[in-house]
Each structure stands twice: as C-alpha cells, then as structure tokens.
Amino acid sequence: MRCRSAAIAIGVGVLLWGGAAPAQRVDLGSGSIVETVKKLNAGEYVWAPEIAPEGPTLLIVNLKTQRATLYRNGIPIGASTVSTGRPGFDTPTGVFTILQKHVEHYSRKYDNAPMPYMQRLTWYGIALHGGHVPGYPASHGCIRLPIGFAKLLYGSKFHRLRMSRGQQGIGISAAGMYAQLTTGKPVQIISRTGARTPAHYFEVQIDTKKNEPRIFEQSRSSGKTIAARR
C-alpha cells in the first residue's frame with residue numbers, strides 16, 4: 001500500500017523482543033503532554049487526541065532525548081519514547097514522505113525481523129515501526145516505537161514528521177513545514193549576517209518526495225527594500 005499524502009524523517013532497525021519491557025500507556029491526568037513526555041520511562045507513551053480533535057498534524061522526533069511528540073494544529077496530543085539508530089547506523093534527519101504502510105511487515109535486510117505497523121520513509125530500509133524501546137539508540141537506523149503507540153500512530157492521519165538532533169520545540173524548519181502544509185504556499189525568508197550587510201530574500205518550498213528545497217525566488221538588497229517589496 002502506497003501513501004504519498006504524508007511525510008516523515010526516520011531510519012531502519014531490528015526488533016529485539018527478548019527481555020523487553022511491555023509498552024505502557026501513561027495516563028495524562030491533569031498534566032500536559034509537554035510535561036509528561038519528560039517523565040516517560042523507556043517503552044512508555046501518552047496519547048490524548050481529544051485535546052485537539054481536528055487539524056493538520058506534525059510528528060517531531062528528537063534524537064538526543066529519544067522522544068517523539070505528535071502535534072495537531074500546533075498542539076501536542078501525544079508523545080512517546082523511541083529508540084533510533086545506534087552508533088554506525090545513524091538515523092537520518094530531515095522531512096520524509098511516507099512511501100508505504102504495512103500492519104505486518106518483516107525486514108528483508110535484517111534476518112526477516114518483525115516490523116509491526118511499519119511506515120516506510122525510504123526505499124533503502126528506513127521506517128517507523130513498533131519494537132523494543134530500551135531507552136537508548138539501539139536500532140539499525142529505524143525509529144522504533146512502543147507497539148501501542150506505533151498502532152495508534154499508524155491509524156492516525158498525520159501529515160508530517162521531522163527528525164532533529166537535540167532541538168527542543170517545533171523549531172524554524174518544522175515551522176516552515178507546518179506553514180507549507182497549512183497554506184500550500186512557499187515560505188518567505190529574509191536573512192542577513194549583520195546590520196551593514198545586504199539582506200537575502202528567498203521563497204522556498206520543500207519537495208517532500210526528494211527531501212530537498214525548491215527555491216522559487218531569490219534576491220539580495222537592503223532589508224528595507226525587501227520589506228517594502230513584500
């Protein structure tokens with residue numbers, strides 16, 4: 001099954017079931033997703049879609065903290081611990097399109113290892129899937145999720161996923177993706193390195209199939225000139 005309406009950033013991994021702690025859903029209670037995600041133990045997750053029932057969604061995975069947060073309309077509605085690529089099998093960063101989805105899937109590259117609720121990100125083996133989440137990077141590049149969270153995520157219609165190395169919050173890259181998702185228009189960027197240096201103006205849109213930027217317009221002049229032109 002192919003699915004070209006979504007995007008994501010992730011990697012491939014073998015599932016290690018022996019001795020794994022069972023996936024556990026944590027009750028949100030009176031706290032927030034942002035507060036709860038910091039307290040999650042390995043294999044735990046929180047899911048509260050009723051906080052924002054409708055709107056475009058964005059999944060952000062932080063490689064440093066080994067956490068994933070799902071946003072809907074910019075509001076966190078779910079979070080989980082993850083296990084990404086171990087040394088030598090780095091999980092790629094960026095924004096990726098979901099190419100394929102299988103409830104039951106097995107790795108062709110790593111000894112027919114099970115990859116339940118697989119959502120493929122690349123054709124060379126990178127995917128989101130359920131698996132053993134020990135609390136540290138342990139996969140061959142995939143993003144492993146607790147089985148319960150993987151199943152819920154598989155059934156949800158999230159639109160984008162972004163991978164980052166230690167950045168907290170949505171960040172400028174994901175904010176640009178969110179703007180592109182909700183408006184369908186290129187992102188406008190004005191950048192300069194100093195008060196006396198020329199300003200650079202760009203209109204950029206990310207090609208999610210190739211995971212690369214498309215520059216529609218580029219110019220260089222004073223900031224005032226650019227601001228007036230906009």
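The values are calculated or read from the model by the stated rules, or taken from the named source; none is laboratory data. Computed from a predicted model, the values in this text were never measured in an experiment. All Cβ positions, glycine included, derive from the backbone under ideal geometry; neighbour counts span all protein chains shown.
Would you check if there is a residue in the stretch 119-130 being surrounded by 22 or more Cβ atoms within 10 Å (Cβ to Cβ), in contact with a helix residue (DSSP H, G or I) (Cβ under 9 Å, 6 or more places away or on another chain) and under 14 Å from residue 42 (Cα atoms)? Checking the stretch 119-130: at least one residue is surrounded by 22 or more Cβ atoms within 10 Å (Cβ to Cβ), in contact with a helix residue (DSSP H, G or I) (Cβ under 9 Å, 6 or more places away or on another chain) and under 14 Å from residue 42 (Cα atoms). The set of residues in the stretch 199-230 being modelled with pLDDT of 70 or more, surrounded by 15 or more Cβ atoms within 10 Å (Cβ to Cβ) and either under 27 Å from the mean Cα position of the chain (by Cα) or in a loop (DSSP other than H, G, I, E, B) (or both) consists of 202, 203, 204, 205, 206.
Any residue that is of a type in the set (Asp, Glu), part of a loop (DSSP other than H, G, I, E, B) and modelled with pLDDT of 70 or more - is there at least one of those in the stretch 29-52? It would help to see each step written out before you state the result.
Of the residues in the stretch 29-52, the ones of a type in the set (Asp, Glu) are 35, 44, 50.
Of the ones still in play, those that are also part of a loop (DSSP other than H, G, I, E, B) are none.
There is no residue in the stretch 29-52 that is of a type in the set (Asp, Glu), part of a loop (DSSP other than H, G, I, E, B) and modelled with pLDDT of 70 or more.
Quick one: in the stretch 73-130, of everything that is modelled with pLDDT of 90 or more and aromatic (Phe, Trp, Tyr), which residue is nearest to residue 149 (Cα to Cα)? Here the residue is 117.
The set of residues in the stretch 73-92 that are within 19 Å of residue 40 (Cβ to Cβ) and not β-branched (Val, Ile, Thr) comprises 76, 78, 79, 80, 83.
Among the numbered conditions (1) assigned by TED's automatic domain parsing to the domain that holds residue 137; (2) modelled with pLDDT under 90; (3) under 27 Å from residue 205 (Cβ atoms), the only one that residue 9 does not meet is (1).
Residues of the stretch 53-62 that are in contact with a helix residue (DSSP H, G or I) (Cβ under 7 Å, 6 or more places away or on another chain) and not in a loop (DSSP other than H, G, I, E, B): 58, 60.
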